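I have placed the structure first, in the form of structure tokens, so that the comments after it can refer back to it.
The values are calculated or read from the model by the stated rules, or taken from the named source; none is laboratory data. Source: prediction; values computed, not measured. Please note: Cβ atoms are built from the backbone with ideal geometry, for glycine as well, and neighbour counts cover all protein chains shown. Surface accessibility is based on the protein's heavy atoms, side chains included, excluding ligands, DNA and RNA. Shrake-Rupley method; radii C 1.70, N 1.55, O 1.52, S 1.80 Å.
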Amino acid sequence: MSQQEEEAQSDRQKYEFKKVIEDLKEYKGSGTQLVSIYVPEDRQISDVVAHVTQEHSEASNIKSKQTRTAVQDALTSIKDRLRYYKTPPENGMVLFSGAIDTGGGQTDMVTKVLENPPEPFQSFVYHCDSEFLTEPLEEMLGEKGLYGLVVLDRREANVGWLKGKRVEPVKSASSLVPGKQRKGGQSAQRFHRLRLEAIDNFYQEVAEMANELFVPKRHDMDGVLVGGPSPTKDEFLDGEYLHHELQDQVLGKFDVSYTDESGLYDLVDAAQDVLAETEVMKDKRQMEDFFKQLHDGDLATYGFEATRKNLVMGSVDRLLISEDVRRDVVTYTCPNGHEEREVIDRRTETPDHTCGECGETVSTDEAEREDLIEHLMAIADQRGTETKFISTDFEKGEQLYTAFGGIAGILRYETGI
């Protein structure tokens with residue numbers, strides 16, 4: 001499998017996991033009756049079954065009959081699912097089961113199994129609560145890449161993080177460095193000395209901010225980026241104000257005009273070559289290609305209908321999907337064979353439909369409903385189209401979601417659609 005295919009498969013898996021986790025996080029139990037079990041790859045299935053059997057037996061001591069029944073039913077459902085496995089999948093598996101509240105005193109039994117997470121589990125976890133335990137999975141699916149950011153001049157400084165695709169400002173400071181013009185009565189030499197002392201003190205203050213923020217995370221960081229006008233950033237780095245371990249992690253210094261919070265974003269843009277393989281820069285390149293074609297070329301498509309038509313034609317080279325899209329597509333086929341589609345919110349009930357061709361009514365029961373992203377990705381896979389998920393944590397990524405419905409594409413050739 002090529003690296004491109006591996007990345008596409010990884011993106012698809014992450015989306016599927018995120019979708020399930022979003023559903024699980026909304027479920028609530030009336031008591032501690034929602035069971036979550038994390039099974040590492042090296043755990044024997046027989047050991048897991050034995051543990052579930054033991055928990056089922058101990059659940060008989062729960063005083064509340066409703067909770068007792070719900071927990072035992074959940075454990076029985078999990079035990080039934082485990083029968084299909086001889087060994088855990090690669091990287092392990094997670095099982096969720098429990099009676100969730102559906103309103104009006106009613107409950108519904110839900111059981112989900114997630115196989116082969118992005119990273120292996122280190123230990124076996126059994127958890128029973130009023131909510132499913134999803135945090136370990138969410139941490140695995142979190143954005144990768146952690147960079148410390150520092151922008152400064154002699155007036156102000158800002159320190160923050162680049163976490164995956166998101167810039168996160170954290171600390172700021174303003175200096176007491178006097179201007180270059182001395183006050184009356186001061187000798188030029190004394191004024192120069194006082195000014196150098198103020199600059200040194202400010203650099204120490206900036207370094208202290210950075211050290212407090214970055215040193216505890218130094219083993220998790222991928223590097224430090226420093227930005228600002230010359231000669232400020234050069235003086236700061238050449239003076240080795242940073243903790244020595246952070247100094248060794250500096251990937252580069254970059255010319256940045258602004259040193260307020262916006263300067264942190266400018267620093268990330270200025271460091272494009274260094275960050276070339278990080279997710280944020282990959283996403284930005286995709287959106288830059290799209291907007292270039294949108295404004296100056298003929299190889300851009302956007303919106304569900306136009307993009308889908310181009311996908312079916314096989315004309316889409318790259319399918320761009322916003323990570324925040326959460327919609328379904330409903331396909332209606334009327335008695336006369338006309339096929340039409342409607343995009344609806346995931347939480348909305350499937351509506352009846354009137355055929356635009358012949359006016360026949362298509363009821364909800366006759367409609368086919370599926371996840372919008374999975375619908376488009378299935379067509380993309382058949383046509384050899386690459387699918388790219390785009391974050392909304394930068395301006396053009398946000399525009400994809402808000403202005404273009406979260407769906408767009410870069411074409412192989414012009415189609416006029």
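Between Asp365 and Val215, the contour length at 0.36 nm per residue exceeds the Cα-Cα span by 48.1 nm. The antiparallel fraction among DSSP beta bridges confined to the chain stands at about 80%.
Just one of [x] 130; [y] 226; [z] 214 is volume of the Cα convex hull per residue in Å³ as worked out from the coordinates here. Which one is it? Here volume of the Cα convex hull per residue in Å³ agrees with entry [y].
The order of the peptides 235-245, 205-215, 91-101 by mean Cβ neighbours within 10 Å, most packed first, is 91-101, 205-215, 235-245.
Per-residue packing, averaged as other Cβ atoms within 10 Å, sorts the ranges 356-367, 313-324 into the order 313-324, 356-367, beginning with the highest.
The distance separating the Cα centre of the stretch 334-372 from that of the stretch 253-317 comes to 35 Å.
Relative to the longest principal axis of the Cα atoms of the chain, the long axis of helix 261-270 lies at roughly 80 degrees. On average, how much accessible surface per residue is there in the chain, in Å², for a 1.4 Å probe, leaving out ligands, DNA and RNA? Accessible area per residue, the chain: 52 Å². With respect to the chain, whose longest principal axis is taken over its alpha-carbon atoms, helix 3-26 is tilted by about 70°. Would you mind telling me which residue in Lys86, Lys309, Lys14 has the biggest mean-square fluctuation in a Gaussian network model of the chain, where springs connect alpha carbons within a distance under 10 angstrom? Maximum fluctuation in the GNM of the chain, among the listed residues, is at Lys86. Within the same chain, lysines fewer than 8 places from Lys14 are excluded, and of the rest, those with a Cα less than 23 Å from its Cα are Lys25, Lys112, Lys144, Lys163, Lys165, Lys282, Lys284, Lys388, Lys396. Using the empirical formula 2.2 N^0.38 Å as the baseline, the Cα radius of gyration of the stretch 150-282 reaches a ratio of 1.11. Compared with the dominant principal axis of the Cα atoms in the chain, helix 65-82 is inclined by about 90°. Comparing Tyr203, Tyr147, Tyr85 in a Gaussian network model of the chain (Cα springs below 10 Å), the most mobile by mean-square fluctuation is Tyr85. For the chain, adding -39500 (n - 2.57) for each run of n ≥ 4 DSSP H residues and dividing by the number of residues yields -12500 deg cm²/dmol at 222 nm. Starting from the Cα gyration tensor of the stretch 58-177, take the square roots of the eigenvalues, sort them a ≥ b ≥ c, and report rounded, prolate or oblate (rounded when a/c is under 1.5, otherwise prolate if a/b is larger than b/c, else oblate). Since a/c reaches 1.5 and a/b is larger than b/c, the shape of the stretch 58-177 is classed as prolate. Our analysis of the stretch 219-375 gives Rg over Rh at 1.23, with the two radii drawn from alpha carbon positions and Rh computed by the Kirkwood formula. For the stretch 44-122, carbon and sulfur atoms together expose 43% of the accessible surface, with a 1.4 angstrom probe and every protein chain in place. Lacking any other cysteine beta-carbon closer than 4.7 Å, the following Cys residues of the chain have no compatible partner: Cys128, Cys358.
When the Cα gyration tensor is reduced to axis lengths a ≥ b ≥ c, the ratio a/c is 1.5 or higher for the stretch 303-343, and with a/b not above b/c it is classed as oblate.
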